[in-house]
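The block underneath contains the structure these notes are about, expressed in structure tokens.
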Amino acid sequence: MNAIAEFIKNKRKEYGLTQKEFAIRSGLGLRFVEQGKVTLRLDKVNVALSMFGMEAGPVRKEEENK
């Protein structure tokens, strides 16, 4: 699971929301919330993140071999 999907999943659980409740409140499709697709539209990612006061932005990539 990628970092954004993991963040959203953890926050959703922290807020006590089921996948269905999160989908309804965010206005996103349940398939988007459940499947964690490999390719996503950034606008939909930002809708999901905005539920927790966040948005996607440029972040320095971690080096794999430190």
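The values are calculated or read from the model by the stated rules, or taken from the named source; none is laboratory data. For clarity, every value in this text was computed on a predicted model and none was experimentally measured. Neighbour counts run over all protein chains shown; Cβ positions are idealised from the backbone, glycine included. For the accessible areas, the whole protein counts, side chains as well, though only heavy atoms, and no ligand, DNA or RNA atoms are used. Shrake-Rupley method; radii C 1.70, N 1.55, O 1.52, S 1.80 Å.
Restricting attention to region 1-21, the residues that are in a helix (DSSP H, G or I), over 25 Å from PRO58 (Cα atoms) and open to solvent by less than 100 Å² (accessible area, probe 1.4 Å) add up to 2. Consider VAL47 carefully, then state whether it is touching a Phe, Trp or Tyr at 6+ places or on another chain (Cβ under 7 Å) and either among the β-branched types (Val, Ile, Thr) or exposed (fewer than 12 other Cβ atoms within 10 Å of the Cβ) (or both). So VAL47 does not fit the description; no. Could you check how many residues of region 24-44 are open to solvent by less than 70 Å² (accessible area, probe 1.4 Å), hydrophobic (A, V, I, L, M, F, W, C) and more than 20 Å from ASN10 (Cβ to Cβ)? Looking only at that region, the number is 0.
The criterion of being modelled with pLDDT under 95, part of a loop (DSSP other than H, G, I, E, B) and closer than 12 Å to ILE4 by Cα holds for LEU40.
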